[in-house]
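Asker: Got a structure for you, written out below as structure tokens; questions coming shortly.
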Amino acid sequence: MPHKQWLKKYTKLDYLEGILRNRHLHLGNPSDWDDKNDSEGIRLFSAGHSDFKVLSTCLTEAADRFHFWHVFGEREKGVCLWFDKERLIHDIQTDSSLIADSVLYRTPKEVAQLSANQIPFAKREQYRDESEFRVLRVQKASNTPIDKFLFSQDSLRRIHLNPWLSNNEADLAKAWITDTLEDEFGHVEVLQNRTLGSKRWLDAISLVAEQGNDETSKNAVG
């Protein structure tokens with residue numbers, strides 16, 4: 001399935017049980033973000049919402065990237081949740097306190113072409129490879145804690161463990177997750193990311209190397 005049909009959330013394994021049992025993602029304070037260019041845009045947007053401090057969570061529409069695991073999943077502590085994009089957007093639209101959109105990547109000159117409502121979804125072009133999808137809470141919610149974003153069970157489709165786990169660690173994690181999922185998330189696949197050891201890649205380069213060695217041997221004999 002093309003990656004544009006997925007919305008992915010990189011987070012920590014330690015948070016996974018709470019996410020699954022409560023069916024929610026955490027909405028954080030953008031002022032805590034390292035990139036102040038980004039958080040300032042949301043602060044300015046918040047100023048127009050009766051002093052409500054807008055909260056946010058970030059997902060990605062991008063294909064897997066090694067640095068996502070480093071930055072967002074913290075290497076061996078990480079896990080990635082794959083959501084069906086259409087279903088998750090439907091979940092968002094049922095909550096009137098939320099707004100969401102794909103992030104726009106722009107240069108400073110191009111910012112002048114944006115509307116005020118696009119500012120919280122704008123980011124510097126240097127981050128374009130993130131293909132971020134951003135969810136914002138812009139007012140108090142009536143049916144959930146202010147810092148939680150609820151998702152339906154059908155929207156979660158896959159869980160990918162980080163590639164640093166050993167085979168034994170991955171098996172134990174898969175067993176624990178499967179037990180935690182029980183009947184409610186029985187449709188969810190639990191896999192391990194293979195960024196650090198792709199069998200297809202290793203088989204391909206081994207074949208090329210073998211063919212090269214055979215050719216070298218033939219030339220030496222000749």
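Asker: How many residues are loosely packed, with under 11 Cβ neighbours inside 10 Å, part of a helix (DSSP H, G or I) and at pLDDT below 90 when one looks only at region 168-200?
Answerer: Residues that pass the stated criteria total 3.
Asker: Hey, another quick one. Is it true that residue 172 is in contact with a helix residue (DSSP H, G or I) (Cβ under 8 Å, 6 or more places away or on another chain) and among the hydrophobic types (A, V, I, L, M, F, W, C)?
Answerer: Details: in contact with a helix residue (DSSP H, G or I) (Cβ under 8 Å, 6 or more places away or on another chain): no; among the hydrophobic types (A, V, I, L, M, F, W, C): yes.
Here the answer is no, as residue 172 does not meet what is asked.
Asker: Now, a different point. Suppose we keep only residues that are open to solvent by less than 40 Å² (accessible area, probe 1.4 Å), among the aromatic types (Phe, Trp, Tyr) and over 15 Å from residue 88 (Cα atoms) within region 1-51. Which one would you say is modelled with the lowest pLDDT?
Answerer: The residue in question is 45.
Asker: Which members of region 100-120 meet the condition of being buried (at least 18 other Cβ atoms within 10 Å of the Cβ) and modelled with pLDDT under 95?
Answerer: The answer is 120, and nothing else.
Asker: Residue 31 is checked against (1) of a type in the set (Ser, Thr, Tyr); (2) within 17 Å of residue 132 (Cβ to Cβ); (3) in contact with a Ser or Thr (Cβ under 8 Å, 6 or more places away or on another chain) and fails just one. What number does that condition carry?
Answerer: (2)
The values are calculated or read from the model by the stated rules, or taken from the named source; none is laboratory data. In this text the structure is predicted, and so the values were computed from the model without any measurement. Glycine also receives a Cβ, built like all others from the backbone with ideal geometry; neighbour counts cover every protein chain displayed. Just so you know, the surface numbers come from the protein's heavy atoms only, side chains and all, with ligands and any DNA or RNA stripped out. Shrake-Rupley method; radii C 1.70, N 1.55, O 1.52, S 1.80 Å.
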